[in-house]
Structure formats: structure tokens, C-alpha cells
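Heads up: the structure comes next, in C-alpha cells.
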Amino acid sequence: MEFRGGYNILLQGKPDRLTEVLPEPEILYLPLCSRRFEFTEMLVREGQRVKGGDVLSRDPDNYAVPLLAPRAGIVRLNVVKGHIVLEDISKTEFAYTERGELGHIVRQMGEAGIKRHKLLELGAWQFFYDAYTGALPDPLGPAQAVIISTLSLEPFVARGDAQLQERLLDFTRGLEHLQSLLEYQPMYLVMPDISSDFASQVRRQIRGYARAELIEIPLKYPYDNSNILVRHLHLKKNDGPVWFVRTEGVLAIDRALTLSKPCLSRIVSLGGPGVRMPIHMKVIPGYPIEAIRTRCVSPGAVRMLNGGILTGVPAGPETLGLDTECRGLTVLAEHGEREFLGFVRPGWDRSSYAACFLSSLRAKFSERFTTAMRGEGRPCVSCNFCEEVCPAGIMPYLLHKYLYGDLIEEVELARVDLCIECGLCSFVCPSKIDLTRQFVEAKRLIEREKEEIRREQLKQAELRLAEEARRKAAKEAEY
Amino acid sequence: MKFLLDILKAVRPSFEAGGRLRAFKPVFDAMENFFFAPAAVTLAAPHVRDPLDIKRLMSMVIIAVLPSLFTAFYFFGWRLVPMIIVSYAAGGAVEVAFAVIRKDQINEGFLVTGMLFPLILPPTLPLWMVGVGVVFGVFVGKELFGGTGRNIFNPAIVGRCFLALAYPAAMSGNWTSAGSSWPGRMLEYVTSSNVDAVSTATPLVLAKQGELVSFWKMLLGNTSGSMGETSAIAVILGGVFLILTRVANWRTVVSILGSAAVLAGIFHYGQPDRFAPALWHLCAGSLLFGAFFMATDPVTSPVTNAGKWFYGIIIGVITVLIRNFTGYVEGVMFAILLGNIAAPIIDEVVTKVRLRRLRLEEG
């Protein structure tokens with residue numbers, strides 16, 4: 001598939017390439033929920049002293065992915081709802097010892113199985129995504145291909161280039177390790193420019209150790225999305241799962257497999273118009289958000305997002321610390337003042353998809369976006385902007401029309417499942433229709449209905465079997 | 001502007017549920033949001049939105065039509081002003097009445113209809129006819145279908161079509177000559193009974209009698225015809241602005257003008273004495289105005305980009321056919337209405353093909 005659609009929103013407050021190490025916190029608030037995980041299987045007691053790297057909890061629904069203690073400290077379970085609090089923390093680190101009960105994995109998968117298990121236990125597996133669903137892939141399962149992306153195009157999440165600074169060696173070693181997990185499956189390394197110095201350096205370094213095909217993609221949101229990439233690479237869903245890893249994931253693999261050390265810190269971007277100094281920061285999960293707020297965020301009403309402006313979720317006051325999956329914090333000023341005759345203003349400082357503002361005469365610039373809706377909800381006027389920006393090649397206005405008429409079957413036939421929830425259609429819509437949210441809901445509804453049908457079919461089949469067995473038994477009894 | 005905000009805040013309770021004027025909530029909302037940007041904030045991802053809203057989108061059309069407004073004023077006099085006022089007042093009343101009945105918002109789409117409607121009428125049309133036409137257009141062409149966004153036909157064209165069928169004499173037999181020397185007719189109030197306003201035929205009527213008005217005259221607008229459409233240069237100026245701002249889609253315009261030019265060119269090549277050349281046809285009558293301002297209405301044209309090509313070709317071809325082979329001298333109005341009818345079908349076909357391709361692509 002050729003790339004299509006896409007649009008770069010230029011937001012003020014782009015995080016700097018340099019990475020800042022934040023000061024050690026005194027207390028950690030580890031959220032038990034993040035995008036994919038819900039750590040419900042508690043493995044520590046109230047008041048227990050843990051070492052850094054100890055497993056605090058696991059998510060039983062996601063291959064028992066562990067929540068590691070980023071630092072040594074005393075566990076408090078009941079202080080803050082939905083969080084594990086670590087008090088009295090210090091930096092002693094725990095060394096990984098391979099445990100005894102791995103015999104079955106070795107028998108099944110050999111050395112690669114041990115390595116995969118190690119990745120899971122040391123917290124590196126969390127950086128793997130299923131390219132189709134975005135979920136955590138099976139750590140011991142097969143993959144038809146691996147896509148490694150060095151890009152993060154959404155404003156703003158931690159960028160690959162910020163993390164690759166001076167860590168090229170670790171990165172290429174991580175690629176070698178990744179290769180050793182696989183048998184013959186292809187690895188695709190996605191880069192913005194495959195003829196750059198950096199790309200040729202990578203190519204030189206990995207020659208002979210890892211076999212990765214370099215793929216060049218334009219720097220346009222959301223071409224780094226895993227669903228778009230698998231379609232671009234013509235990978236078929238039926239051929240098995242595709243793993244999707246970003247730069248930080250490869251670095252985590254290297255750390256886990258070369259040093260056998262848990263991956264405790266991560267690079268998180270902090271950007272947006274509401275931030276005084278947009279930076280990348282090296283932090284540990286559980287880092288108190290309040291500390292970041294007082295340190296870097298300008299005063300006033302702001303909305304803090306866990307993630308970028310297009311797909312992030314608000315990090316409300318109930319979230320006290322960074323979760324284990326956070327890739328970026330974006331801070332937007334809340335919309336306050338109502339502009340007088342806003343719609344007739346020349347608009348020198350507003351950048352729009354359509355060239356309806358004077359700003360289209362000036363060079364590209366980063367706008368100071370707020371959370372304002374910037375217009376009233378109106379019926380669709382069929383301007384077709386949503387289709388033009390849609391990277392998935394579906395027709396958002398058509399889906400909207402079908403959803404408006406409750407035609408859920410048509411919605412399914414119009415391939416709502418291809419929607420990657422990038423948020424661009426909602427962004428450009430002049431009628432301010434929440435298209436993305438409608439599609440997310442529709443997808444969930446369709447999924448639920450399918451699940452129900454499956455369950456019903458299963459039940460019918462079981463009933464049939466039971467009926468047959470009963471008849472057989474009755475026949476036998478007759479003889 | 002704080003005092004205005006304070007006034008709005010003070011009178012708001014009487015428009016809210018339980019207030020005496022609660023039926024007029026749509027009017028209050030429209031006023032409030034006209035003066036002050038809405039206070040709404042995003043609730044879910046994406047957390048920021050494009051600054052463009054429907055108000056701005058519609059304002060762009062008004063800006064684009066300014067050159068044509070000026071030439072209409074220059075060549076046909078300041079009777080334009082009462083015509084616009086009547087058009088806005090009568091059509092606005094229908095729009096507000098429906099918003100109140102439906103308890104829905106007042107849509108900005110009407111601002112464009114009300115402005116474009118007088119420009120596609122003969123300069124001397126009685127004011128009451130302007131009112132009747134716009135009321136019919138907005139009521140039948142838009143509100144009956146459910147309001148802006150759900151209408152099939154362009155309301156301004158529906159209004160004009162009604163007038164053309166109901167009052168053929170006033171609509172096609174009563175053309176005023178354009179003011180030729182400075183300051184045009186800017187200081188005149190031209191009515192059909194004005195001695196000074198000589199009744200002349202439009203270029204298309206003259207062409208039927210074998211007389212071609214010069215191309216330059218039509219480019220400037222110094223001919224008779226509907227108020228806004230005579231000056232090709234003004235229409236092109238505004239139209240190009242609309243295309244550059246992406247409010248109008250270039251595909252529609254290019255395909256209408258392209259197909260009309262090609263077909264007219266073929267006819268002219270075959271029988272140069274009987275048919276006017278292509279360029280002349282482009283500038284004559286309301287082809288340009290219709291292509292740039294009427295056919296590009298996003299609501300009534302196909303949504304899909306591929307569909308816009310077919311839509312444009314239908315309009316362009318039908319226009320030239322009507323002009324050259326029927327008793328009517330001008331066919332843009334009927335062509336656009338026919339295009340509007342075809343638009344949903346075109347969309348249906350194009351989306352079917354696209355969906356099939358999507359399904360094949362993904363296996």
C-alpha cells in the first residue's frame with residue numbers, strides 16, 4: 001500500500017533532543033493500570049521491603065507481565081487507590097538469577113525460549129506490540145516478521161533520535177539479540193532517511209549479525225503507526241502476528257540480554273505549549289507527576305496528557321505517578337477566554353488544514369494549541385477533508401453517515417476495522433464531529449457482537465454434541 | 001467586549017428552560033456564538049482541533065463573492081442592496097422559524113445562500129419576487145430535507161428555478177443593459193420601469209440570433225445578464241480564492257469548465273457558423289458563476305473526489321447541450337440541478353468501487 005493521507009500538526013513546545021535525568025524522587029507512585037496492562041496479581045505485602053527489580057505484581061491476562069520495583073523501598077499498598085507506593089527508596093539494584101523451572105521452555109523453544117522468558121521477566125517485553133492489535137504479543141509465540149521503528153511522529157511522544165544519541169552500539173547489539181530470538185523471519189527497520197549517515201552507520205554495524213531491511217517512510221503523522229506499516233509492507237494478518245518494537249524497546253532488549261539487568265528507567269518526552277522547557281527526561285515508572293508539574297509546567301489551568309495530543313489520555317488528578325508504558329507527557333493550556341468575533345479574525349497565528357486563515361501565507365510554524373473545540377457542532381457538510389487526511393484509506397464521512405442511521409452492518413462492510421484511531425479526521429472536521437470516538441465505539445460494538453455470535457455458535461455446537469451423545473447412549477441402551 | 005458578554009449572561013436565563021423566551025434559544029445561541037467563540041473544549045482524543053469551523057468556511061464564500069458583488073453594484077446599481085436585504089430577511093426568517101420548530105441550531109449555510117441568491121437574479125426583478133424565491137429555495141430546497149448538510153439541491157438554484165418557471169417574463173425577458181461609462185450605474189436605482197435602463201438581450205440570447213458579444217466585454221462584465229455573473233474576471237478572482245482556500249474543490253470546477261469547453265469546441269469546430277467558440281461559451285452567461293460558486297457547494301456535490309469529476313462532466317455537458325440545442329438560452333441552472341440529482345448516485349457507485357478495492361486489498 002502506498003502511503004496516503006496523513007497530516008503534521010505543528011504544536012508548540014517540541015521536546016529538545018537532549019535527555020535530562022530528573023533528580024531522584026523520594027517516593028514512587030506506581031499506577032496499577034496502564035494502556036494495555038492491569039496489574040492485579042499482587043505479589044508483595046504491605047510494609048514489605050523490596051529491592052530494585054523485584055516483581056511487585058503481575059498482569060494475569062497479559063502473559064503475567066511483571067510490574068518491577070524501579071527502586072528498593074518499602075511497599076505501601078493501601079495508601080493511594082490504584083497505586084503501589086514505594087517509600088524510603090534507595091538505588092540498590094537487583095541482579096537477575098535464572099530460575100529453575102524453565103525446563104519446559106527450553107524443551108519447547110531452546111535457547112531462544114530462555115531469552116524470551118528473560119525479556120519478559122526483566123521488563124523488556126513490555127516494549128513489544130502486536131502490530132495489528134497493539135496488544136502485548138505472546139512472548140513464547142511465533143512471529144511472521146518484526147518491525148522496528150525509530151520514529152515517533154505524534155506530537156509529542158519520545159522520539160527515537162533522542163534515545164539513539166550515543167547509544168548506537170547498544171541499539172545495534174539489541175538488533176542482534178532480536179535476531180537471535182527469531183529463526184528466519186524478516187526484520188524491518190523503519191527510518192526517516194535510509195541514505196543518511198546514521199542509516200549507513202547502522203547498516204555497517206549490523207552487517208553479518210542481524211539481517212534487517214531498512215525501510216524509508218516520509219516524516220508525516222501517522223505513517224509510523226504499526227497498522228499502516230504492516231499494510232505498507234504487504235504483511236497479511238493470516239500469516240501470524242507481527243511484532244512491533246520502537247527504539248526504546250531495542251535498547252531494553254540489549255540491556256536485558258547483554259547485561260541481564262532489569263529495564264527500570266525509560267525516556268519520556270515532556271512537551272506541549274504548557275511546558276516551560278520542553279525536554280526528554282530519563283525517569284523511572286512511578287515518578288511523581290506532581291514533581292514534574294512543579295518543575296516544568298507553567299502555572300495556570302492545564303490538561304496533562306499521557307501520550308500525544310492525538311491519541312493521548314488525560315492524566316487526571318487521580319494518577320499520581322508515571323505508568324510503565326508512558327512515552328510522553330504533553331501539556332496543553334485549558335481553553336479559557338472566549339474570543340470576540342473569533343471567526344472573522346485574520347488568523348495569522350492559527351494553522352489550519354484548509355488555507356482559510358492568513359497564516360497560510362507565512363512559513364510553517366508551531367501553533368499554540370489549547371483544548372478549545374474551536375467551533376460548534378454542526379451536521380456534516382461533506383467537505384471530504386476527513387477522507388483526504390485518513391491514512392487508512394477508509395471514508396470517515398461515510399462511516400459517520402451510516403452510524404447516524406444506526407446501520408452497523410454497513411459500518412462493518414465499510415471497513416471501520418481498518419481505522420487506526422489516529423484522530424486526524426476529528427482534528428480536521430470543520431463541523432467538529434467526534435469521528436474518531438464514534439469509530440472506536442463502533443469497533444467495540446462490532447467486536448462484542450462478533451464475540452456473542454461466536455459464543456452462541458459454540459454453545460449450539462456443544463448442545464448438538466451432547467444431544468448426539470445422548471442419542472447414541474439411548475441407542476446403545478436399546479440394544 | 002466584556003459588556004456584551006455581560007449582557008448575554010444577563011439575558012441568558014430567559015432563553016433557558018423555564019424562561020419566557022425559551023423557544024428562541026436557537027436565536028440566542030446563534031447570536032452568542034456569532035460574537036464569542038464557543039466555550040466548548042475537547043472531551044476525548046484528539047485533544048486539539050483545527051481552527052476551521054463552519055462559520056469560517058462560510059465566511060470564505062462571502063469573501064470570495066466580494067468581487068462579483070462589486071461588479072454587480074458597479075454595472076447594475078445600488079438596487080443590489082435592497083435585494084440582498086430582502087433575500088437575507090426572508091430566507092433568514094424561514095431558517096430561524098425552522099430552527100425554533102426543530103429546537104435545533106441555526107446553521108451558517110444560509111448566510112451563503114442569502115448572499116448568492118440576488119447575484120443570480122436579473123437586476124430589475126421586483127423585490128417581492130426576490131423574497132418569494134428565497135423563501136421557496138430555503139424551504140423546499142433545504143429545510144424540507146432536514147436543513148444544511150442534508151439537502152440534495154442547492155437552495156439558491158431551487159429558488160431561482162422556481163422563479164424562472166413561475167415568472168418567466170420577469171426572469172428572462174427583462175434584462176437591463178450594464179452601465180458602460182464611469183461610474184457605471186453605481187448611483188442609479190434601476191427598476192424595470194426606469195427610462196434610462198434600456199432593455200437589452202443577454203449575450204446568449206443574441207447568440208441565438210447569430211450575434212456574438214465581444215469576449216472582452218464579457219470578461220469585464222459590461223453586458224446584460226444576472227447581476228453577479230456578467231463579469232467573468234470578478235467570478236474567476238473569487239473562484240480561484242475559493243479553490244486556494246480549499247473551500248471549493250478544484251476537481252468540480254475543472255471538470256465542469258473543461259467538459260463544457262471541450263464539447264463547445266467540438267461543436268464550433270464542426271459548424272463554426274452555428275455554434276459559438278469554446279472560450280466565448282465559458283465566459284457567457286452563468287457558467288463560470290455556477291461552476292465556481294454553485295456547483296462546488298460541498299453538501300450538494302458528491303463527496304468523493306472521483307465522483308466530483310463525473311459530476312462536473314455532467315454539468316458541463318448538459319449546459320452546453322441546453323445552450324445549443326434547446327429552446328432555453330441558458331442551461332447552467334438545470335444542469336446543476338440535474339448534477340445535484342446525480343450526485344448521490346455517483347457517490348454510491350464510487351464508494352462501492354472503493355470499498356470493493358479495500359476489501360480486495362486486505363484479503
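Throughout, read-outs are computed from the coordinates displayed, never taken from laboratory work. None of these values were measured; they are calculated from a predicted model. Here the Cβ positions follow ideal geometry from the backbone for every residue, glycine too, while neighbour counts run over all protein chains shown.
Observations, loosely collected:
- Diffusion coefficient, µm² s⁻¹, Stokes-Einstein with Kirkwood Rh over alpha-carbon pairs of region B:90-232 at 20 °C and 1.002 mPa s: 130
- Put in order of Cβ neighbour count within 10 Å, fewest first, the listed residues A:Phe343, A:Phe156, B:Phe325 become B:Phe325, A:Phe343, A:Phe156.
- If R0 is 51 Å, the Cβ-Cβ spacing of A:Ile114 and A:Glu87 corresponds to a FRET efficiency of close to 0.90.
- Based on alpha-carbon atoms, the Kirkwood radius and the radius of gyration of region A:387-431 give Rg/Rh equal to 0.95.
- Reduced Cα scattering model of region B:127-208, Debye log10 I(q)/I(0), q = 0.18, 0.26 Å⁻¹: -0.86, -1.15
- Rule-of-thumb Rg ratio for chain B [Cα; 2.2 N^0.38 Å; N residues]: 1.07
- Of all DSSP-defined beta bridges confined to the protein assembly as shown, some 60% are antiparallel rather than parallel.
- Cubic angstrom per residue, convex hull over Cα atoms of region A:278-386: 155
- Note on B:167-175: average number of Cβ atoms from other chains within 10 Å of each residue's Cβ is 0.
- Mean sequence separation of contacting Cα pairs (under 8 Å, at least six apart), scaled by the length of chain B, corresponds to a relative contact order of 16 percent.
- Per-residue mean of C-beta atoms belonging to partner chains within 10 Å, peptide B:349-357: 2
- Sequence of A:Arg470, B:Arg246, B:Arg22, B:Arg49 once ranked by neighbouring C-beta atoms within 10 Å, starting from the fewest: A:Arg470, B:Arg22, B:Arg246, B:Arg49
- Helix B:109-119 axis versus longest C-alpha principal axis of chain B: approximately 30°, rounded to the nearest ten.
- By the count of neighbouring beta-carbon atoms within 10 Å, fewest first, B:Asp273, A:Asp59 end up ordered B:Asp273, A:Asp59.
- Note on A:421-429: average number of Cβ atoms from other chains within 10 Å of each residue's Cβ is 4.
- Cα pair count fraction exceeding 20 Å, expressed as % - region B:1-88: 60
- Lysines whose Cα lies under 22 Å from that of A:Lys220, excluding same-chain neighbours fewer than 8 positions away: A:Lys14, A:Lys364
- For region B:1-49, the fraction of alpha-carbon pairs in successive 5 Å shells from zero, as %: 5, 19, 23, 19, 14, 11, 8, 1
- Computed over region B:243-298, the P(r) tail beyond 19 angstrom holds 33 percent of alpha carbon pairs.
- Spatial extent of region B:215-363: Rg and Dmax, with the Cα atoms as the point set, Å: 16.5, 60
- Calculated P(r) tail over 20 Å for region A:206-336, as whole % of Cα pairs: 58
- Taking the empirical scaling 2.2 N^0.38 Å for compact globular proteins as reference, the protein assembly as shown has a Cα radius of gyration ratio of 1.16.
- Summarised as an ellipsoid, chain A has semi-axes of 37, 33, 25 Å, derived from the eigenvalues of the Cα gyration tensor scaled by 5 and square-rooted, with the largest first.
- Taking 4 °C and 1.567 mPa s as conditions, region B:177-249 diffuses translationally at an estimated 93 µm²/s according to Stokes-Einstein applied to its Kirkwood radius (Cα pairs).
- Each part reduced to its alpha carbon centroid, region A:359-373 and region A:183-229 end up 32 Å apart.
- Per-residue ellipticity at 222 nm, computed for the protein assembly as shown from helices alone with -39500 (n - 2.57) per DSSP H run of at least four residues, works out to -13500 deg cm²/dmol.
- Cα radius of gyration and Dmax for region A:373-479 (Å): 22.4, 81
- Unit charges on C-beta of K, R, D, E only; dipole of the protein assembly as shown, Debye: 620
- With pairing defined as another cysteine C-beta under 4.7 Å, the cysteines of chain A that fail it are A:Cys33, A:Cys263, A:Cys296, A:Cys326, A:Cys356, A:Cys380, A:Cys383, A:Cys390, A:Cys419, A:Cys422, A:Cys429.
- Taking a straight line from the alpha carbon of A:Lys91, these lysines sit under 29 Å away, with near neighbours fewer than eight places off in the same chain left out: A:Lys51, A:Lys81, A:Lys115, A:Lys118, A:Lys261, A:Lys282.
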